[in-house]
Structures are given as C-alpha cells and as structure tokens.
Amino acid sequence: MLFLHFYCENKSFSRSRKYTNTGRSRCFLAMDTIHACFKEKIGEVLLPGDVFSFRLSESGDGSIKTEKIICGPGLRRNGEEVQVCKSGILRHKQPNMYWIDSQQRRYVPAKGESVIGIVTAKSGDIFKVDVGGSEQASLSYLAFEGATKRNRPNVQVGDLVYGQFTIANKDMEPELVCIDSCGRANGMGVFGADGLLFKVSLGLVRRLLAPQSEIIKDLEKIFPFELVVGMNGRVWVKAKTVQQTLIVTNLLETCENMTSQQRQTLFKRVAEGFL
Amino acid sequence: MQRGLDAELKKQLDEEEKRIISDEHWFLDLPELKAKENYIIEERSCVPCEDLVYGRMSFRGFNPEVEKLMLLMNTHKEEEEDEEEDDVSRMETDITDEEMARRYESLVESMRNKFAKKRNRSTVTKSEEDVNCNVVGDQPKKVFLKPQD
C-alpha cells in the first residue's frame, strides 16, 4: 500500500495519464464536462496516478456549480482535480457518485461502517477493540443501549461486538459505538455465544452485503443459519450443529475464487449430500 | 458628595481600556482570502456507493429477532429513498380521524352536562336529543330577587 501511495504522488512518471476535456473547451454547462470526463472511463481499469482534471471557466459562472460530485473510495480530490489512488475499475451510481472497485484484504477504518470487533482490553471507562486495522479502536462503556454509570454493560475480554465507527480517520484513534444516534441498539452490541468467526477478503464482504446477493440467496436454500458480516472482512456464522457451521464456513471461503456457475453446482451438491 | 466616577468619565476610561487591549491584539496582515466552494466531495466508505444492506442476517427462522431487525433496517433504508420525494409526512394514527371526531362530540356533550346547573341540565339534554325542534326555548332564568323593604 505504501508503494502505491508514493506512486500516485509522483506526477513526473510518464505513466500517469491525464484525462482532460480538451475536445470541449467551450462548454456552457460545467457539470456536463465533468461527467463526460468520467463517463468515458466507466467500466475501465484505472491505475493509481491517473488524474481527471476539469478546466472550468471562472468567468462568473458560479451559479452553475450547484451540483456536487461525490468521490468514493479509491478517488481523491487534489485541488481542482480528482486523482485515482487505487487500481481497479471505475464505477458510477446515479446521479453523481463515482468510485473505484478494487480488491484488498486489509481493512482501513471508515466512518459509518459496521464492523465486528474483538475486545482485547478493559481500561477504566473504555474497551480496546481489535478491528483488524492499524490501530485498536476504543469503545466507551456508555455507548451501549441502556448503559449508565451505575449500570455497566456486561462485556468481557474476548467478546465479539458489532458496532459502528463514529470517528475513523488517519490522524486519530478510531472510535466505535454500539448505539445509533437515537440511542437504540439496532442489533449492535455483544453477540456470539456460539458460532465461528473467520476472515474473508473485503471484496467478498461487499458481494455478500450487496442488495440482491446471489451467494446469500443460494446459501439460504441449504439450511437455516445466522450470519453476521462485518465490513472489516470478518464473518461470524452460527448453525444448528457444529458440522453445519463448518460447512457454511467452508462454502463462504471457497466462494471467493469461484465463478457463479461453479458456485451453484457446488451448492447443489452440498444441499443434496446433506439431505 | 459624589463618590465614584461620573458616567462620562467611566465611558472614557472604558474606551481607553478597549483601545489599549485591541492594540495589543495580533493580527495577520494578509488580504482577505475567500474560501473556494468545493463541489467535489470525498466519501471514504463504500456503504453508500453500493447500497450495502444491514450486516446481521438470519435465514429460515434461525433467530427471529434478527429477522425482524433485517426487515426493519432494510425497509428503513428504502423508506429514506422514498421519502425524499414526498414532502408531506403523515404520522401514523392508532385511531382514525372520524373516531376522534365522534369521541370529541360526546366529550363536549358530557362536559357541558357536568358543568350545567341542575335546573338547566334537563333542558340542555332535551334540546340536544330533539331533532324536530319540538322543545320551546327555556323560560327566562330565575334570578335572586332582592326583598323590598
């Protein structure tokens, strides 16, 4: 990751490509040119160091710039330009969101994401939670539903917690909470009396949590089970017997590297073998 | 005898103090910089990009509470998208509006009866139930007559 970071800072490499709107220097609508710049490259592989720059006319066109562009993960703003900082495919979502679809196993905490953490230490008023990032996150004991100074939550070292990040940037220690802004738990907190926790890549996590995930649809046909998926690549599974739990674990781990057809045949075989 | 300072003197002293204090303040001798309006927003998380669903899931009734949560959280997310189009938001009511109106009618009636004087109570009830206007309006109210000496 460090190498890639260095690469994108160094613009003198002849490799870094610049995408500009030279063909449309006289455009009246500024937003159209920006979207057009991106649209050419949607679905294509981009490398770190590629730059999207927009030469917008500054002559009193302030009223047009009311729409905003949202750069998702993998894209970074650098003054008036947008730089790519991860290698992957450019994706687009209406009306104005762009991001880079890439693969990685290492998790970087981001605000608002729900993750599974393991409590490693209890010190005073906070718990130290390992979320798989570069630093351990802190979780205050008041950040549970119904917790007060007298009524402390029942959290021990080694417990699994499902929480959200309130603070997660590269300058500060990440902070987790197990309640939402209204004070309700919404399923967050300590869980996992039984079951198995294992690690997968972040790409598989996104595929599992996609709105109409095929993997989930195929899996639920086999047998009933419970699943908690954390955005940090950790997945917890619980089924009726230990054997079923292990089967689901193995299926999820192998889903990583299979095409959908291979996956469906494998699942069918398992379902038949089980029944 | 005047003790203390005049109001004018006080004002002058205050102004001098303020001047001294503001002279001691340090400030940057730079031209006014305008903050540029940023129209590119950075978003670090991929959850809104790909519309990821809630992370806790349960299938085929393994954990009914989690299944309820799944419905709640996933429809909550869909409602947020729909509500952007609706401007009017009606609160969900347990009782319909008509029932409420009926309840209020009878409530007003019973309250009026309660605070009406005993003499008026019968006339009030009769006039309410009477639909064909057969009841004549009540006679002039009986007031206390002071005895004449």
Carbon plus sulfur fraction of accessible area for region A:229-274, probe 1.4 Å, in percent | 51 percent
Between A:Gln103 and B:Val143, the two model label points (7 Å from Cα along the beta-carbon direction) sit apart by a distance in nm of 9.9 nm
Taking the Cβ-Cβ separation of A:Asn78 and B:Leu28 as r and a Förster radius of 30 Å, what is the calculated FRET efficiency to the nearest 0.05?
-> 0.70
Provide the buried accessible surface between chains A and B in square angstrom, both chains summed, 1.4 Å probe, rounded to the nearest 100.
-> 3700 Å²
For region A:196-272, rounded, prolate or oblate, judged on the Cα gyration tensor with a ≥ b ≥ c (square roots of eigenvalues), a/c < 1.5 rounded, else prolate if a/b > b/c?
-> oblate
Average accessible area per residue (Å²) across region A:113-191 - probe 1.4 Å, nucleic acids and ligands excluded = 50 Å²
With a Förster distance of 41 angstrom and the Cβ-Cβ distance between A:Thr166 and B:Ile21, calculated FRET efficiency to the nearest 0.05 equals 0.55
Part-to-part distance (alpha-carbon centres) for region A:138-209 and region A:75-107, which is given in Å | 27 Å
Result for region A:196-272: accessible area per residue, probe 1.4 angstrom, in square angstrom, of 45 Å²
Projected label distance in nm at B:Phe115 and A:Asp194, using a 7 Å step from Cα toward the beta-carbon = 6.6 nm
When the accessible area of region A:113-191 is split by element with a 1.4 Å probe, what percent falls to carbon and sulfur?
-> 47 percent
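The values are calculated or read from the model by the stated rules, or taken from the named source; none is laboratory data. If you're wondering where the values come from, they're calculated on a predicted model, not measured in any experiment. When we count neighbours, we look across all protein chains shown, and the Cβ atoms used for this are built from the backbone with ideal geometry, even at glycine. When the accessible area is computed, the model is the full protein with side chains, heavy atoms only, and any ligands, DNA or RNA have been set aside. Shrake-Rupley method; radii C 1.70, N 1.55, O 1.52, S 1.80 Å.
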